1. Would you tally the residues in the range 45-89 being open to solvent by 90 Å² or more (accessible area, probe 1.4 Å), farther than 30 Å from SER11 by Cα and in a helix (DSSP H, G or I)?
2. Please verify whether ARG51 is under 22 Å from LEU6 (Cα atoms) and not aliphatic (A, V, I, L, M), treating the condition exactly as stated.
Amino acid sequence: MSPYDLVFGKSFHLPVELEYKAMWVLKKLNLDWNVTSKQRMNQLNEVEEFRLNAYESSAFYKKGMKKYHDQNIEKRVFALEDLVLLFNSSLHLFPGKLKSK
């Protein structure tokens, strides 16, 4: 992953002008555009594959952690005459959605 991707959680896209300048440089240097474009496509496919593997391993880790935490939840059985706290849903401390300024 790129540092930008790690910090912001999304991939960075170059402005169109820079992409066209990169193509212009390749043409000016007389590089074979077909070979270069195939190499770039392979690199992009490898990055996409790496991203998918990272996503799958993250999902696997989350699943395992959920299973671990769910095992440690204590089952409670309440009997009559037990004192419990009751959630009063009619008491609205925050009516509606919370909105940021």
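The values are calculated or read from the model by the stated rules, or taken from the named source; none is laboratory data. Keep in mind the model is a prediction, meaning the values are calculated, not measured. The protein model used for the area step is the full one, side chains on, heavy atoms only, and it has no ligands, DNA or RNA in it. Shrake-Rupley method; radii C 1.70, N 1.55, O 1.52, S 1.80 Å.
1. The number of residues fulfilling the criteria is 4.
2. Details: under 22 Å from LEU6 (Cα atoms): yes; not aliphatic (A, V, I, L, M): yes.
Against the criterion (under 22 Å from LEU6 (Cα atoms) and not aliphatic (A, V, I, L, M)), ARG51 qualifies.
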